[in-house]
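Q: Have a look at this one.
The values are calculated or read from the model by the stated rules, or taken from the named source; none is laboratory data. What you see is a predicted model, and the numbers here were worked out from it, not measured in a lab. Every residue, glycine among them, receives a Cβ derived from its backbone with ideal geometry; neighbour counts consider all protein chains shown.
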2 protein chains.
Amino acid sequence: MAVYTHLGSERLAELIAAYDVGRLVSAKGIAEGISNSNWLIETTGRDGTGARYVLTMYERRIDTDELPFFLGLLDHLAAKGCAVPATIHDTHGAGYREIDGKAVALIEFLPGVSPSKPTPVQARSAGAALADIHLAGMDFARSRPNPLTPDHSAKVLFRFAPDRLRRLDPRLAAIADVADDIAREATQDLPRSIIHTDLFPDNVLMLGDTVSGLIDFYFAAEGAMAYDLAVTHAAWSFDQSGDAFEPAIGRALVDGYESVRRLDPDERDSLPILAQAGCLRFVASRTEDWFDTPADALVRRKDPMEFVRRLEFYRDRRQKAFP
Amino acid sequence: MAVYTHLGSERLAELIAAYDVGRLVSAKGIAEGISNSNWLIETTGRDGTGARYVLTMYERRIDTDELPFFLGLLDHLAAKGCAVPATIHDTHGAGYREIDGKAVALIEFLPGVSPSKPTPVQARSAGAALADIHLAGMDFARSRPNPLTPDHSAKVLFRFAPDRLRRLDPRLAAIADVADDIAREATQDLPRSIIHTDLFPDNVLMLGDTVSGLIDFYFAAEGAMAYDLAVTHAAWSFDQSGDAFEPAIGRALVDGYESVRRLDPDERDSLPILAQAGCLRFVASRTEDWFDTPADALVRRKDPMEFVRRLEFYRDRRQKAFP
């Protein structure tokens, strides 16, 4: 949540002039994005009736070589009618520009707010929107292998001595112990497309019960579509305060997904192990952050145990998770 | 620059429903305000054509008892045609509401961007807009004494041992030494109104060369109008990088001001000492912050010497400053 770079209004106006979007009217740094700076931009619009955009400056983490994949994907999905923001190209056709050595992209602004307590009806819409991008992504010409495979998660956890994990929580050490098995079991030959891999409710904009936008595609990659559904299931189906599974949310997500794209029997059978693999990814990244972030840092560390408990749930109650 | 409080979209929608502004469409935490959290809010609007607002949550510093002054002032000035955002009242007529014990206010959104390198034409517009609020503020019914008088600044500086100031910079200690004299000299019987007292370029929104909004009135108070002009002069008339005085900016500010409200001879003669008093205020607050903020804190400390140098300029070059 930050704006890392100060961009004076004169620089912003100059940048906006490189696009066919009218003149700069307003610019507000917005508190979104972990490794990007973002501004909500208003312009007079092509036709003078006003238009809004999000300007993203890529501060770190994202390799500029990957921008054509991420920005091209938005264009591809938006052109096929998916609820994703399109990339605005400059008057020379470029999808991103550079300022002070940093890449910046102008992206369509979409209305909507992210539900903090999604209802089953909202979950159903989100499931359907996920299936939409899976179908639309199948013929996207660019490719990006997923760096965050279950294998990778297992390797991350192996970096930490079992004793160290045990001191944080014995159940974390127990998961690290079987991470290899989960990774092996989860690696299956299932139908693939471009997948979002990070569709937490934060990344879904809604107007009432309708999805108005899926956002933050910077973890998108090729992968098993059922894995993406399982990750979304793990991200949505537990209540905020504790870890209580909310069966109505989980069911609505899968139902909504299947209202657009039917899962085949192999995919369906794999959901419990894929959900464990999804949880394993967040366990790994949060464990890494936990040990790498000083306890007194201003950044709040996310507790890795949250997804340890969800992983255990998918392992021990697979029938309840996916009835 | 922060959003201190998380407000879920459901809470926000509930809050917005208390106003006659249509339904919530979008909400983005914006990176503005030092002691407030702010969201840029979009709604369907009263007539369904869309409307935008800034939602401010008062986190600290501001005494809730003072909100009727600040919010009522915006209403008063906006009603008189000044370029300030009006306060939106809820369906019961209240200017602010409470959430979790914190006051929140919904305020009109104004277009425009703050110039980071103002031009003389822009300075002229800002000067005129300042005079507009002075004239319009004269019959505002509420009052608020200014807590940040020159006397107060002198007292703040006296809290620090001269040796401590000298170690930071001998010129800072020299200013502290004469702070009392500046305060005494600057306290004069001049025409008064409600004054902004903090009109840095950051707090002026412009569309091209036209002022579209003066914002951030949370230092507004009763005071000498010429003092407000002098503070604005000190805030605008020096180049960003260094301390070079920009005579064209200073002259344009005063000319613009006088195009709306003529200064009387006493006010004109007082500008150099009032500008010194204005600088003294920022010297005092920045010195306080400097000693109270650890050098390794994430918050960037503003250098008190910047306004020491400007104060010296107004003292030593009064003819050049106000020809």
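Q: Select from segment B:57-91 the residues that are free of Cβ contacts under 8 Å to residues at least 40 places away in the same chain and out of contact with any strand residue (DSSP E or B) (no Cβ under 9 Å at 6 or more places or on another chain) and list them in ascending order.
A: B:63, B:65, B:79
Q: In segment B:7-16, what residues are at the interface with chain A (Cβ under 8 Å from one of its Cβ atoms) and hydrophobic (A, V, I, L, M, F, W, C)?
A: Correct list: B:12, B:13.
Here is a yes/no grid of residues against (1) within 14 Å of chain B (Cβ to nearest Cβ); (2) under 23 Å from residue A:226 (Cβ atoms); (3) modelled with pLDDT of 95 or more; (4) part of a helix (DSSP H, G or I):
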position: A:117; (1), (2), (3), (4): yes, no, no, no
position: A:130; (1), (2), (3), (4): no, yes, yes, yes
position: A:133; (1), (2), (3), (4): no, yes, yes, yes
position: A:167; (1), (2), (3), (4): no, no, no, yes
position: A:174; (1), (2), (3), (4): no, no, yes, yes
position: A:178; (1), (2), (3), (4): no, yes, yes, yes
position: A:182; (1), (2), (3), (4): no, yes, yes, yes
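Q: Give me the pairs, please: first residue somewhere in segment B:167-195 and in contact (Cβ under 8 Å) with a residue 24 or more places away in the chain, second residue anywhere and surrounded by 23 or more Cβ atoms within 10 Å (Cβ to Cβ) and among the charged types (D, E, K, R), beta-carbon distance under 9 Å, and either six or more positions apart or on two chains.
A: Filtered contacts from segment B:167-195: B:193/B:228; B:195/B:228.
Q: Count, please, the residues in segment A:187-204 that happen to be buried (at least 23 other Cβ atoms within 10 Å of the Cβ) and among the hydrophobic types (A, V, I, L, M, F, W, C). Don't jump to the end; show me each part of the working.
A: Of all residues in segment A:187-204, those buried (at least 23 other Cβ atoms within 10 Å of the Cβ) come to A:194-196, A:199, A:204.
Among the residues that remain, those that are also among the hydrophobic types (A, V, I, L, M, F, W, C) are: A:194-195, A:199, A:204.
Total satisfying the criteria: 4.
Q: Moving on. Tell me which residues, restricted to segment B:17-53, are hydrophobic (A, V, I, L, M, F, W, C), at the interface with chain A (Cβ under 9 Å from one of its Cβ atoms) and either more than 20 Å from residue A:215 (Cβ to Cβ) or not in a strand (DSSP E or B) (or both).
A: Within segment B:17-53, B:31 is the sole residue that qualifies.
Q: Ok, one more. Picking from A:141, A:161, A:154, A:123, which residue would you name as being over 30 Å from residue A:287 (Cα atoms) and of a type in the set (Gly, Ala, Ser)? Walk me through it before giving the result.
A: Values: A:161 fails: over 30 Å from residue A:287 (Cα atoms); A:154 fails: over 30 Å from residue A:287 (Cα atoms); A:123 fails: over 30 Å from residue A:287 (Cα atoms).
Among A:141, A:161, A:154, A:123, only A:141 is over 30 Å from residue A:287 (Cα atoms) and of a type in the set (Gly, Ala, Ser).
Q: Next question. For segment A:208-257, give me each residue that is part of a strand (DSSP E or B), among the small types (Gly, Ala, Ser) and under 17 Å from residue A:193 (Cβ atoms).
A: Filtering segment A:208-257 for residues part of a strand (DSSP E or B) gives A:210-214, A:221-224, A:238, A:245.
The next check asks that each one be among the small types (Gly, Ala, Ser); those that pass are A:212-213, A:221, A:223-224.
Listed by number, the residues that qualify are A:221, A:223, A:224.
Q: Can you confirm whether residue B:235 is farther than 30 Å from residue A:17 by Cα and either surrounded by fewer than 17 Cβ atoms within 10 Å (Cβ to Cβ) or modelled with pLDDT of 95 or more (or both)? Give the steps one after another, and end with the answer.
A: On the way: farther than 30 Å from residue A:17 by Cα: no; either surrounded by fewer than 17 Cβ atoms within 10 Å (Cβ to Cβ) or modelled with pLDDT of 95 or more (or both): yes.
Criteria not met by residue B:235.
Q: Could you tell me how many of the residues in segment A:123-149 are hydroxyl-bearing (Ser, Thr, Tyr) and surrounded by fewer than 20 Cβ atoms within 10 Å (Cβ to Cβ)?
A: We begin by selecting, within segment A:123-149, every residue hydroxyl-bearing (Ser, Thr, Tyr); these are A:125, A:143, A:149.
In the following step, the residues that additionally are surrounded by fewer than 20 Cβ atoms within 10 Å (Cβ to Cβ) were identified as A:143, A:149.
Number of matching residues: 2.
Q: Just wondering, is there one or more residues in segment A:95-104 that are within 14 Å of chain B (Cβ to nearest Cβ), in contact (Cβ under 8 Å) with a residue 40 or more places away in the chain and either under 28 Å from residue A:235 (Cβ atoms) or surrounded by fewer than 22 Cβ atoms within 10 Å (Cβ to Cβ) (or both)?
A: No, that holds for no residue.
Q: Are any of the residues in segment A:243-261 of a type in the set (A, V, I, L, M) and at pLDDT below 95? Outline the logic, then answer.
A: Our first condition is that a residue be of a type in the set (A, V, I, L, M); within segment A:243-261, this holds for A:244, A:248-249, A:252-254, A:260.
Adding the requirement that they be at pLDDT below 95 leaves A:244.
There is at least one residue in segment A:243-261 that is of a type in the set (A, V, I, L, M) and at pLDDT below 95.
Q: From (1) at pLDDT 95 or above; (2) closer than 25 Å to residue A:7 by Cα; (3) within 16 Å of the chain's Cα centre (by Cα), pick out the condition that doesn't hold for residue B:221.
A: It fails just one condition, (2).
Q: Does segment B:275-293 contain at least one residue that is touching a Cys at 6+ places or on another chain (Cβ under 8 Å), in contact (Cβ under 8 Å) with a residue 40 or more places away in the chain and not polar (S, T, N, Q)? Break it down stepwise before answering.
A: At the first step, the residues of segment B:275-293 found to be touching a Cys at 6+ places or on another chain (Cβ under 8 Å) are none.
Taking every residue of segment B:275-293 in turn, none turns out to be touching a Cys at 6+ places or on another chain (Cβ under 8 Å), in contact (Cβ under 8 Å) with a residue 40 or more places away in the chain and not polar (S, T, N, Q).
Q: Just checking, does segment B:229-245 include any residue being among the aliphatic types (A, V, I, L, M), more than 26 Å from residue B:184 (Cβ to Cβ), out of contact with any helix residue (DSSP H, G or I) (no Cβ under 8 Å at 6 or more places or on another chain) and within 14 Å of another protein chain (Cβ to nearest Cβ)? Quick ask: steps written out before the conclusion?
A: Just the residues of segment B:229-245 that are among the aliphatic types (A, V, I, L, M), to begin with: B:229-231, B:234-235, B:244.
So of that shortlist, the ones also more than 26 Å from residue B:184 (Cβ to Cβ) come out as B:244.
Right, trim to out of contact with any helix residue (DSSP H, G or I) (no Cβ under 8 Å at 6 or more places or on another chain) and you get B:244.
Okay, now just the ones that are also within 14 Å of another protein chain (Cβ to nearest Cβ), so none.
No, because not a single residue in segment B:229-245 is among the aliphatic types (A, V, I, L, M), more than 26 Å from residue B:184 (Cβ to Cβ), out of contact with any helix residue (DSSP H, G or I) (no Cβ under 8 Å at 6 or more places or on another chain) and within 14 Å of another protein chain (Cβ to nearest Cβ).
Q: Among the residues of segment B:209-226, how many are under 27 Å from residue B:56 (Cβ atoms) and touching a Lys or Arg at 6+ places or on another chain (Cβ under 9 Å)?
A: Qualifying residue count for the region: 6.
Q: Additional query: Quick one: in segment A:184-207, of everything that is of a type outside the set (S, T, N, Q), closer than 20 Å to residue A:219 by Cβ and in a strand (DSSP E or B), which residue is nearest to the other protein chains (Cβ to nearest Cβ)?
A: At the first step, the residues of segment A:184-207 found to be of a type outside the set (S, T, N, Q) are A:184-186, A:189-192, A:194-196, A:198-202, A:204-207.
Pick out the ones that are also closer than 20 Å to residue A:219 by Cβ and you get A:186, A:190-192, A:194-196, A:198-202, A:204-205.
Next cut, in a strand (DSSP E or B) only: A:192, A:194-195, A:204-205.
Details: A:192: 33, A:194: 27, A:195: 25, A:204: 11, A:205: 8 Å.
My answer is A:205.
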